[in-house]
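Taking it in order: structure first as structure tokens, then the write-up.
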Amino acid sequence: MRLLQLVVVAVLLALPATAGASAFAGTLEMQLSAEKAGGGGTLKILVGDAGVLSEMQLRAGALGQVSVRYLVKKRVPDIVWIIDDASKTYREVSTKVPGTTQAVDDDAWNMKKIGTETISGYACVHVVGTSSTGARLEMWTTKELMDGGQFTRAIGKEAKVSDGLMKALAQQGADGFPAKIIRSAKDGSTTSMQLVKVTKTPPPASTFELPAGYTKGEGTGAVPPAVQKQLDEAMKGLTAEQREQMKKMMQGQPR
């Protein structure tokens, strides 16, 4: 599962499936890391009745700092607005159009429940799974923030999340919000995301509106063109080994 894909999945997971007092509203803060690649960062997910806004700060090793914001509005859940503050632009990406979101491997998963643990004060089900292509995924999920029904609705087929993975999690009672995820590659490198802080103060409604004065940009990828250009230029100055390490950091895949 790619590091950016982990971010997108987390955003979609946070989208409340139903309105009402029982739906979570507040801010989820997560730590991102990619061992052996000098990368990592933070992800802040603001959840309210109107939708979800995520703010990602990614330290991409030699590439420096990458900042991206993703907005999903509850009334139009099939659209992700990708906000680039550097250029004061935004792009609309449909999760229903093939090729606009990156799919994870739709493999068969063998999932085993390890036990229960606490992550950032929330009771979690701890599971470890391996896929038919050799991927290894370790997860700690909690239903205290997101129950199984919300989880399933939030990351259905439009979110491009493996059906095999979802079924395996549900069979172990682990279909809750991912408080911690570790994805391991065959070379031993890992990509991870962990919940570190929860604030249960609903963000103001204005949080889920596009910034005033921003204009619509072009493109359909998950990264703004300006950021992608920055990544491409920086990659040119890396050695073959550094490029391979960076690729693993961004992808976190077992291949």
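Quick note: the coordinates plus some simple rules give every number you see, no bench work behind them. Predicted model only: the values in this text are computed from it and were never measured. Neighbour counts run over all protein chains shown; Cβ positions are idealised from the backbone, glycine included.
What distance in nm separates the two pseudo spin-label positions at E144 and K113, each 7 Å out from Cα along the beta-carbon direction?
Between E144 and K113, the label points sit 1.8 nm apart.
What does the extension gain come out to for A205 and K44, with contour length at 0.36 nm per residue minus their alpha carbon separation?
In short, 56.3 nm is gained.
Multiplying the sequence separation of K197 and D163 by 0.36 nm and subtracting their Cα-Cα distance, what value in nm do you get?
Going from the current span to full extension adds 9.3 nm.
Quick one: order R183, R91 by neighbouring beta-carbon count within 10 Å, fewest to most.
Result, fewest neighbours first: R91, R183.
What is the distance, in nm, between label points placed 7 Å from the Cα along the Cα-to-Cβ direction at R75 and at A25?
1.6
Beta carbons within 10 angstrom, averaged per residue: use that to sort the peptides 79-85, 137-143, highest first.
137-143, 79-85
Order the peptides 163-175, 199-211 from the highest to the lowest mean number of other Cβ atoms within 10 Å of their residues.
Going by the mean number of other Cβ atoms within 10 Å, highest first, we get 163-175, 199-211.
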